[in-house]
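Here is the structure we will look at, set down as C-alpha cells.
What follows draws every value from the coordinates through simple rules; no lab data is involved. Because the structure is a prediction, the values reported are computed rather than measured. Positions of Cβ are backbone-derived with ideal geometry, glycine not excepted, and every protein chain shown enters the neighbour counts.
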Amino acid sequence: MAEAAENTEGAEEACHAEVYRIYPLHNGVDEDRGWQARALCAQTDPESFFPEKGGSTREAKKICLNCEVKAECLSYALSNDERFGIWGGLSERERRRLKRAAV
C-alpha cells in the first residue's frame, strides 16, 4: 500500500515537472490572464479554494480536476508565489514541494 502511494507521488511530481517545462516561471507582470475567465473556480464558491487552516481541500481539488485552465492556474501561482489557497489543483504545501523538486 505504501509503495503504491510512493509511485503515485512520483508520477504526480513528473506531471508537475512537465507543467514547469510547458509554462516556465516568469515575472508575471505582462502575463495574459484571460484564462481566469475560463476557470471553473470562477463559477463556484471561492471559499472552498481558501479553506481555513486544517480545513478540507477535497472539494476545491475535485473542481480543479476538470478545469481546462488548470496548468495556467498552477503556472500563475508558482510564478507569483501565491501563498494561500488551492491553485491548479495544489495546496500551498504541495506547490512548495513542487518548487523544491524543480530546483
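Calculate one ³J(HN,Hα) per residue across the range 87-103 by plugging θ = phi - 60° into the Karplus curve 6.51 cos²θ - 1.76 cosθ + 1.60, and present them in order as whole Hz with x for glycine and proline.
10, x, x, 10, 7, 4, 4, 5, 5, 4, 4, 5, 4, 4, 5, 7, 8
Could the peptides 37-44, 58-65 be put in order, highest first, of the mean number of other beta-carbon atoms found within 10 Å of their residues?
Numbers: 37-44: 14.2, 58-65: 16.2.
By packing density, highest mean first, the sequence is 58-65, 37-44.
Are there chymotrypsin sites (Phe, Trp or Tyr not before Pro) in the range 26-93 that DSSP puts in a loop and that have at most 10 other Cβ atoms within 10 Å, and which ones?
Sparse-neighbourhood loop chymotrypsin sites (Phe, Trp or Tyr not before Pro): none present.
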